[in-house]
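First the structure, in the form of structure tokens, and then the observations on it.
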Amino acid sequence: MAPTAKITIDDQLYDLPLHTGSEGTRALDISQLKKATGCITLDEGYANTGSCRSAITYIDGQKGILRYRGYPVEVLAERCEFTETAYLLIYGELPTEEELETFRRNVCVHTLLHENMKKIYAGFPPDAQPMAILSSVVSALAIYSKDTLDPRDPEQRELAIYRMLAKMPTIAAFSYKQSIGQPFIYPENHLTYCQNFLHMMFAVPSERYQMDTDFVEALNLLLILHADHGQNCSTSAVRMVGSSNVNLFSAIASGICALWGEWHGGANEACINMLETILADNRNLRKYIDLAKDKQSGFRLMGFGHRVYKNYDPRAKIIKQVCDKLLKKHGGDPLFDLAQELEEVALTDPYFIERKLYPNVDFYSGIIYRLMKIPKNMFTVMFALGRLPGWIAHWREMQLSPGKAIHRPMDLYIGSTLREFVALVDRKQTSS
Ligand code: ACO
């Protein structure tokens, strides 16, 4: 007999199907609950809600485990190229040499933007936030890619995926060039994904650009470590928006917007701002630890804590090691020393110990980006670049899922009950 869980509501007993995932996670299936009982479930912040079945990424937050399609992220970060990891996430298997070559070719022929798209950039002020530019221009891809808007058509779906992957680095690098008043540097398709991005970011027409191979490697690693993370806020946004059958570009634009917030991907920039503030404030670590503990202050330790990890984030562990290695070779960074001290103080403080708050992926990543001369306001764009294959993989998985349905949660209504309408002239002010 299939396993079930039993709940009693108003003295009546109901059976709920109990599913077990491939790694042993158990889930109560409440899909028929409302029909059977009239009740809905309430889970603010979705901390206990499985919104879908997914075969993409496995996370064990207690043990600090992260695997893409069954492969530990540590192994992929050491042995793979970013495009290879993207293929794995999107299609489920590591590519053969031939499959990878075909995939790379399919992607790189789409790296150019339509020339008219450059005019979109001209409409933004020079100090426009790059995440706002990124989401706007990605949204505009739907206008310039009208032949790939139907997610139900397999050919259109695949072409949209190639275009999205190919154009994202170009869009991101152009937003930086626009902000500093330099000419856009066109993609060069003989370069790898990471090389091409650095080339478009830092080359200028008047000089030969010498690429630092350490930075190419570091970028490859950072993008892989950010490539997917289950049903996080931005991926859930992509799935939510995509569930209406909208095109890939619009779904990804919504993911970019969700990532921008400082409780999510925006934490990498916020973390560097925080470290700079502490450094300028005589390295007064204790003051900021105390502020983070004080709920009234509204201040949180940026780059610390995670909804899923109640242990050291495995990505942060790798990033810290790479940061250390790179800074030993390329010269130190006072922010790295400070970040390590801050980590040490926090990890010995009962507040952080009791709540299992550890450094997350955003705590050390900004220090590597600083070293690479990537400006602070581009940090979250870098995160988006890395997360793109994950967003695409989830969007595609959802499109192909036999159980695909529009996402439409409910609420527990706590507002006014039926009221009588009052004419405008008769209304009294009720609040200041
Ligand atoms: N500093 C201080 N206290 C914290 C922090 C922090 N960074 N993070 C969590 N807490 C506290 C909360 O105040 C809460 O305390 P309480 O139990 O006394 O009320 C407790 O720890 C649990 O925190 P929640 O907010 O319930 O945890 P949640 O899972 O909702 O939030 C989040 C996770 C948003 C990441 C949170 O830890 C945070 O704001 N961190 C700082 C921002 C950050 O680094 N975000 C990046 C996350 S990784 C990513 O999205 C890519």
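The values are calculated or read from the model by the stated rules, or taken from the named source; none is laboratory data. This is a predicted model, so every value here is computed, not measured. Here Cβ is always computed from backbone atoms with ideal geometry, including for glycine, and neighbour counts include all displayed protein chains. The area values use the complete protein model at the heavy-atom level, side chains included, leaving out ligands, DNA and RNA. Shrake-Rupley method; radii C 1.70, N 1.55, O 1.52, S 1.80 Å.
If you filter segment 178-194 down to residues that are open to solvent by less than 60 Å² (accessible area, probe 1.4 Å) and more than 14 Å from GLY386 (Cα to Cα), you find that the one that is modelled with the lowest pLDDT is SER179. Candidates in segment 327-348 are the residues that are in contact (Cβ under 8 Å) with a residue 40 or more places away in the chain and open to solvent by less than 50 Å² (accessible area, probe 1.4 Å); of these, the one that is nearest to the ligand (Cβ to nearest atom) is ALA346.
Residue check: TYR351 meets all listed conditions (1) more than 24 Å from VAL73 (Cβ to Cβ); (2) part of a helix (DSSP H, G or I); (3) more than 8 Å from the ligand (Cβ to nearest atom) but one, namely (3). Remark: SER234 matches the filter, which requires a residue to be within 9 Å of the ligand (Cβ to nearest atom), in contact (Cβ under 8 Å) with a residue 60 or more places away in the chain and either over 30 Å from ARG152 (Cα atoms) or assigned to a helix (DSSP H, G or I) (or both).
Among the residues in segment 252-271, are any in contact (Cβ under 8 Å) with a residue 60 or more places away in the chain, touching a Lys or Arg at 6+ places or on another chain (Cβ under 8 Å) and away from the ligand (no atom under 12 Å from the Cβ)? So far as segment 252-271 goes, yes, one or more of its residues are in contact (Cβ under 8 Å) with a residue 60 or more places away in the chain, touching a Lys or Arg at 6+ places or on another chain (Cβ under 8 Å) and away from the ligand (no atom under 12 Å from the Cβ). One residue stands out among those in segment 275-285 that are within 14 Å of GLU343 (Cα to Cα) and more than 16 Å from the ligand (Cβ to nearest atom): the one that is least open to solvent (accessible area, probe 1.4 Å), which is ASN284.
Within segment 179-231, the set of residues being assigned to a loop (DSSP other than H, G, I, E, B) and either of a type in the set (A, V, I, L, M, F, W, C) or touching an Asp or Glu at 6+ places or on another chain (Cβ under 9 Å) (or both) comprises PHE184, ILE185, LEU191, THR192, ALA203, VAL204, MET211, ALA227. Can you tell me which residues in segment 286-326 are within 8 Å of the ligand (Cβ to nearest atom) and among the polar types (S, T, N, Q)? Selection gives nothing. A Cβ distance below 8 Å, combined with a sequence gap of six or more or placement on separate chains, defines the contacts here; from segment 291-317, residues that are over 28 Å from ALA218 (Cβ atoms) reach residues that are near the ligand (Cβ under 6 Å from one of its atoms) in the pairs ALA292/ARG300; ALA292/LEU301; ALA292/PHE304; PHE299/ALA292.
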